[in-house]
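Remarks on the structure that follows.
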Amino acid sequence: MLRLDDGTELFLGKRLAKAGEGEIYDIASHPQWVAKIFHTSLRGLDAKRDKVKAMTLSPPKGAVQPNGFVVLTWPQHVITDGHVVAGYVMPKIDTARTVEIHALTNPTSRKSPHPNSPQWPRKASWKFLLNVAGNLCLAVETVHKVDAVIGDFQERNILVSDTSRVTLVDCDSMQFTEQSGRTFGCHVGRPEFSAPEVLRGHNNDPRRKSSDLFALAIHIHLLLMEGNHPFSRGKWNGTGDQPSISTLAHGGHWAGGPGSRLAAHPLAPTPAMLPPELRTLFVDAFTRGATNPGWRPDASQWRQVLMRMDAYTTTCSRDPSHAYSTNNTSCPWCVIDSERKARQVRNARRRSRAGGVPPRVASPTRARSPQGVRGGQPARYPPPPPSPFSVRGGQPIWHPPNPYGPNMAPGRVRSSNTLATVTVFVVAIAIGLAVVAIVVLMMTG
């Protein structure tokens, strides 16, 4: 018989999901909760039981807001089976109205959601993303109210609602220190969301809240800078190939940062598009904070600046879907769109020169289609001759057309023509010899 820690009997409902650590169930008598039941074969199960029990005794203030919105899926009650902890209860989330944060930071996912996913991200503007960033800061503040570190602060563990509010999930994987001083660590994490000291340390080393603040800055950068990771997408101006994310992060080389060898990508917004206050916070997080974690702004500092941004945001006169900071003299998104279109034209021309195919040019309305349309169907033309160009190392190289045909190399003669010529010559000699023999026989007879 399953019971809550207060002795109340618990009846599980429908199974909602199955994960590596356990299974998630509805709770028939408490629709606002779900239950996570651990697999009995889970490695380190005893420590996991102790951890969630300690977490239920120290819930962060504001984990569930007064209006019922869930900021953290923090363990609320342990579930026992006899005298053994079998799992725990946590708040239930309305997944029909939420998406993982990468569905917003990734422009392609945001503009073209999966058919089975919520469709509201299509309407998410830059102002909306500003609000998401502010609410993400609120969630981090809530975690840091207790002796906890998110640790695995990656995009799959951040849910965003259609009202821009944020929920952090998988809270039982966070690092947590109970009142007695025992620390339950977090030994997992994605490199692209990990602070330099975490990447260069040992997995079993205790994490600090400052490592969460480095990951927080990365998430805010992704939200405000059209999904561009500060230590990934850019133009490397140093020697050799572009270093790894961890190397760039440790050296403070982020896209467009002061003194950084990684320049912003031509199709990405630059830090200059942001107001000075936000730029300063990114410099503190990524440049000064690369080797000195104490420089990294905390979640409260970020949230205060982000809350003031609405008053300094304007809408593009050309494209109402573009919103940007008023410190820009023109719309930075329009500039990026223009550069993207110019690149497409240049690439089309380059492919044309490399492949010998004329570039596509928009035809006037009454002009004949370059394909030649007959009765609504494209006319069939013979294929063009092979191109005299080939591409090597990105540059077109001229090869003279082969007069012997595409399957023959210069200096060779077709073998079929040679055989025919020899055959005719042999037959002619045979006929001549036969005629001579007949003449000789007639003269001697």
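We did not get these values from a lab; they are worked out from the coordinates using the rules stated. Computed from a prediction, not measured in an experiment: that's the story for all the values here. We place every Cβ from the backbone using ideal geometry, glycine too, and count neighbours over all the protein chains shown.
Here the gap between Asp310 and Ser244, fully extended at 0.36 nm per residue and compared with their Cα-Cα distance, gives a gain of 20.2 nm.
Which of the three applies to the range 195-260, rounded, prolate or oblate, going by the alpha-carbon gyration tensor with a ≥ b ≥ c and a/c under 1.5 meaning rounded?
oblate
Residues of the range 84-126 falling in the label zone of Phe11, defined by backbone nitrogen less than 19 Å from a point 7 Å along Cα to beta-carbon, are 89. How high is the FRET efficiency from Asp170 to Asp319, r the C-beta distance, R0 30 Å, rounded to 0.05? For Asp170 and Asp319, the calculated efficiency is 0.20.
Our note on the geometry: Cα centres of the range 273-314 and the range 1-72, 36 Å apart.
Compute the distance from the alpha-carbon center of the range 321-356 to that of the range 100-167, in whole Å. The distance from the Cα centre of the range 321-356 to that of the range 100-167 comes to 28 Å.
The charge dipole of the range 211-292, taken about the Cα centre with unit charges on the Cβ atoms of Lys, Arg (+1) and Asp, Glu (-1), comes to about 200 debye, rounded to the nearest 20.
Quick check: from the Cα gyration tensor, does the range 199-349 come out rounded (a/c under 1.5), prolate or oblate? Taking the square roots of the gyration eigenvalues as a ≥ b ≥ c, the range 199-349 is oblate. Rounded to the nearest 20, the Cβ-based charge dipole of the range 33-177 about its Cα centre (Lys and Arg +1, Asp and Glu -1) stands at 420 debye. Most tightly packed first, judged by the mean number of other beta-carbon atoms within 10 Å of their residues, the peptides 272-284, 221-233 read 221-233, 272-284. Peptides 154-161, 294-301 ranked from most to least packed by the mean count of surrounding Cβ atoms within 10 Å: 154-161, 294-301. Ordered by the number of other Cβ atoms lying within 10 Å of each residue's own Cβ, fewest first, Arg353, Arg303 fall into the sequence Arg353, Arg303. Shape analysis of the range 263-317 places it in the oblate category; the axes a ≥ b ≥ c from the Cα gyration tensor give an a/c of at least 1.5, with a/b not above b/c. Each of His83, His30, His114 was scored by other Cβ atoms within 10 Å of its Cβ. Listed from fewest to most, they are His83, His114, His30. The value for the range 52-174 of Rg(Cα) / (2.2 N^0.38 Å) is 1.14.
Look at Cys186, Cys316 and count the other Cβ atoms within 10 Å of each Cβ; fewest to most, that gives Cys316, Cys186.
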